[in-house]
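Just so it is clear, none of the values below were taken in a lab; they were calculated from the coordinates. None of these values were measured; they are calculated from a predicted model. A quick note on method: Cβ atoms are made from the backbone with ideal geometry, for glycine too, and the neighbour counts reach across all protein chains shown.
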Amino acid sequence: MAIDTKTVARVAHLARIALPEDRQESLASELDAIVAWVEQLSEVDTDNVQPMSSVVEMTALWREDKVTDGGYPEKVVANAPDPVGDFFAVPKVVE
Amino acid sequence: MSDLLDLSLSEASAGLRDKEFTALELTEAYLAAMDKTKALNGYITETPDQARAMAAASDKRLSAGTAGALEGIPLGVKDLFCTEGVLTTAASHILDGFKPQYESTVSSKLWSAGAVLLGKTNLDEFAMGSSNTTSYYGPVRNPWQDKTDPDKALVPGGSSGGSAAVVAARSALASVGTDTGGSIRQPAALTGTVGIRPTYGRCSRWGIVAFASSLDQAGCFSRTVRDGSIMLGAMAGHDPKDSTSANIAVPDFQAALDKGVKGLRIGIPKEYRLKSLADEIDDLWQRGIDWLRAAGAEIVDITLPHTKYALPTYYIIAPAEASSNLARYDGVRYGLRSDGKTLDEMYANTRYDGFGDEVQRRVLIGTYVLSAGYYDAYYLKAQKVRTRIAEDFRNAWSQCDVILTPATPSAAFGVNDKQDDPIQMYLNDVFTVTVNLAGLPGISIPSGLDPKGLPLGLQLIGRPFDEETLLQAGQALEDAAGFTAVAGLRA
């Protein structure tokens, strides 16, 4: 099995999801089945094939480097769960 | 008012212009229909006050002779589009209470064209699903019924299940959705509606809650191909706020509809003839081929050799992009916040409490395939296979103008079926997902009923930015199919 509970715990930490231990086992087997299924891509010959970077051919547009929007902090924080004035507030990170 | 509900979008537009009824009367008829069909759970948020105000404004513009292309037309909008001051949930607990301070480009274009917002339609959480059963706000019931078991609740497909169901149930005249792997075409097929996913870049993605940015594209549901072409014309166009939106002119899509298919080359990809294909799907496909041939098209056998790798490719790329896009839901800027002693704990608790099982599964897969040591083996490999899938189509376009395939491997299934095995659920998109990987336009057209009386759809696929030929063939298919059946649980 490529994905065991240890891997699930590691990936859950990377993804910042507080996965309880009793969910790790079932997720490990589900994720393992999905990964085993996508392994079939190894059959495809992709030597000298460029990875797709843009799905339609288009030239990136340039624009002048200037501020075109903003100046409304009250709108920016309007949906914040716990704003303090015009700031987002979070649990203390520095002792 | 049921006669008002019977009108197509183009018929309703004509009626409004000829003063046969007012926009307010039309909107009231749809608001009543929404009440009548509430049990289907097609809407997450209904906006009746806003709808009446918008309809009254439409009546003024109709009187003043300044009506837009969608003047007075009542629409449902997938709850993935940000709507200013109106709750926008993505059907996720994590966006609790989120009222955007801005309007998505596509929806603002609809309002500029005079359309009326009836409400925000239900969907799979963050558009991740093919059955609308992963919504935090509960599943949507398909208004169609299995005639051998009419009480069994069937899914409308997904992820735009609400948008599909409300059009089929006649609780919206048309609706807007998004299509990342089949999320418009698959539910359209399962609900007997027309579903259009335009070329990647045809419509702006600005203000749409992002799932997989290289695959997502806005589109629409309607009762007829003509109605869909009117909707698409209003939604499409370049937007400086989306650098992937195409800076090319939007053609008059309706002008293409009456050209017929004489001389058009229709490609039939042999790889879509799966061994496991149900007889009724195979028969439907053959009927579609016969219809288009009889209408004067030339049928050409084509090959898309990498088709079988499309779903596994999708299930690397889409979760990878989703895991990045969904990193922003951390309890800081909007939506749900769960307690935690530290900032990290607050993030992790919020994301565990706020995301449903399928979303967590995909974020974890995406994080895994992008993590150190696995990136080349999974993500880079998938992007290379994606190049080969797109090449298959480019090669096919030298032999044909449009491709005809089934839209789905089956008709609507039960709300409680297929839940155990994620891969079984993913297979619903086997015929639609290639289009997303190659960035092409596709349309699903109701084309027949299965033995249980449930609708089935055929899919047409077009060249990039050639929605006109796609719609032209779509109109011919619609004319030949003559699909007139209606859902039992409609208003």
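Global dimensions of chain B from alpha-carbon coordinates: Rg and Dmax equal 21.2, 70 Å.
Spin-label pair B:Lys99-A:Lys75: with each label point 7 Å from Cα along the Cα-Cβ axis, the two points sit 1.5 nm from one another.
Placing pseudo-labels 7 Å out from each Cα toward the beta carbon at B:Arg328 and B:Asp357 gives an inter-label distance of 2.9 nm.
Which value in Å is the Kirkwood Rh of the protein assembly as shown over different Cα pairs? The partial results should precede the final answer.
Numbers: mean 1/r = 0.0414 Å⁻¹.
Every distinct Cα pair counted, the radius reaches 24.1 Å.
Spin-label pair B:Asp421-B:Tyr374: with each label point 7 Å from Cα along the Cα-Cβ axis, the two points sit 2.2 nm from one another. Helix content alone sets the calculated 222 nm mean residue ellipticity of the protein assembly as shown: runs of n ≥ 4 DSSP H residues at -39500 (n - 2.57) each, divided across all residues, give -11000 deg cm²/dmol.
Placing unit charges on each Cβ (+1 for Lys and Arg, -1 for Asp and Glu) gives the protein assembly as shown a dipole about its Cα centre, and among B:Thr47, B:Gln186, B:Leu7 the Cα reaching farthest toward its positive end belongs to B:Leu7. Volume per residue of the convex hull around the Cα atoms, evaluated for segment B:87-167, comes out as 102 Å³. Sparsely packed loop sites in segment B:9-68 (the trypsin sites (Lys or Arg not before Pro) outside DSSP H, G, I, E and B with at most 13 other Cβ atoms within 10 Å) comprise B:Lys19. Debye-formula intensities of chain A, expressed as log10 I(q)/I(0) at q = 0.15, 0.20, 0.25 Å⁻¹, are -0.95, -0.98, -1.24 (one equal scatterer per alpha-carbon, no solvent). When segment B:2-256 is described by a simple charge dipole with +1 on each Lys and Arg Cβ and -1 on each Asp and Glu Cβ, the residue from B:Ala256, B:Ser92, B:Pro74 located farthest towards its positive end is B:Ala256. Taking each residue as 0.36 nm, the span from B:Glu391 to B:Glu298 lengthens on full extension beyond its C-alpha to C-alpha distance by 31.2 nm. Taking segment B:117-206 on its own, what percent of its Cα-Cα pair distances exceed 15 Å? When every Cα pair of segment B:117-206 is considered, 55 percent fall beyond 15 Å. Stretching the chain fully between A:Asp4 and A:Phe87 yields a gain of 25.8 nm (0.36 nm per residue, less the alpha carbon separation). Between rounded, prolate and oblate, where does segment B:2-256 land on the alpha carbon gyration tensor, with a ≥ b ≥ c its root eigenvalues, rounded for a/c under 1.5, else prolate if a/b exceeds b/c? Since a/c stays below 1.5, the shape of segment B:2-256 is classed as rounded. Charge dipole (Cα centre; +1 on Lys/Arg Cβ, -1 on Asp/Glu Cβ; no other charges) of chain B amounts to roughly 640 debye.
Please list, by residue number, every one of the chymotrypsin sites (Phe, Trp or Tyr not before Pro) in segment B:409-441 that is coil in DSSP and has at most 10 other beta-carbon atoms within 10 Å. Here no chymotrypsin sites (Phe, Trp or Tyr not before Pro) fit, given the DSSP loop and packing criteria.
Would you mind checking the pairs B:Lys109/B:Lys241; B:Lys78/B:Lys452; B:Lys109/B:Lys259; B:Lys275/B:Lys452; A:Lys6/B:Lys384; B:Lys19/B:Lys109 and listing those with alpha carbons more than 19 angstrom apart? Walk me through the numbers on the way to the answer.
Details: B:Lys109/B:Lys241 14 Å; B:Lys78/B:Lys452 29 Å; B:Lys109/B:Lys259 28 Å; B:Lys275/B:Lys452 22 Å; A:Lys6/B:Lys384 30 Å; B:Lys19/B:Lys109 24 Å.
B:Lys78/B:Lys452; B:Lys109/B:Lys259; B:Lys275/B:Lys452; A:Lys6/B:Lys384; B:Lys19/B:Lys109, as the Cα separations exceed 19 Å there.
Just to be sure I follow: if Rg is taken over the C-alpha atoms of segment B:237-325 and Rh is the Kirkwood radius over the same atoms, what is Rg/Rh? Radius of gyration over Kirkwood radius for segment B:237-325 works out to 1.09.
Taken as entire DSSP H runs, the helices of chain B that both span 18 Å or more between Cα atoms along their own long axis and average -1.0 or more on the Kyte-Doolittle scale are B:23-36, B:48-64, B:279-294, B:310-325, B:357-370, B:467-481.
R0 = 30 Å: FRET efficiency of B:Gln399 with B:Asn247, Cβ-based, nearest 0.05? Intermediate results must be reported in sequence, preceding the final value.
Details: r = 30 Å, r/R0 = 0.99.
Computed FRET efficiency for B:Gln399 and B:Asn247 comes out at 0.50.
About the centre of its Cα atoms, the protein assembly as shown shows a dipole size close to 600 debye [charges on the beta carbon of Lys, Arg (+1) and Asp, Glu (-1) only; nearest 20 debye].
Computed packing ranks the peptides A:70-77, B:217-224, B:6-13 as B:217-224, B:6-13, A:70-77, most packed first, by mean other Cβ atoms within 10 Å.
Report the extension gain between B:Ala53 and B:Ala485 in nm, rounded to one decimal, defined as 0.36 nm multiplied by the number of residues separating them, less their alpha carbon distance. Could the numbers behind the result be given before it?
Values: separation 432, 0.36 × 432 = 155.52 nm, distance 3.36 nm.
Length gained, B:Ala53 through B:Ala485: 152.2 nm.
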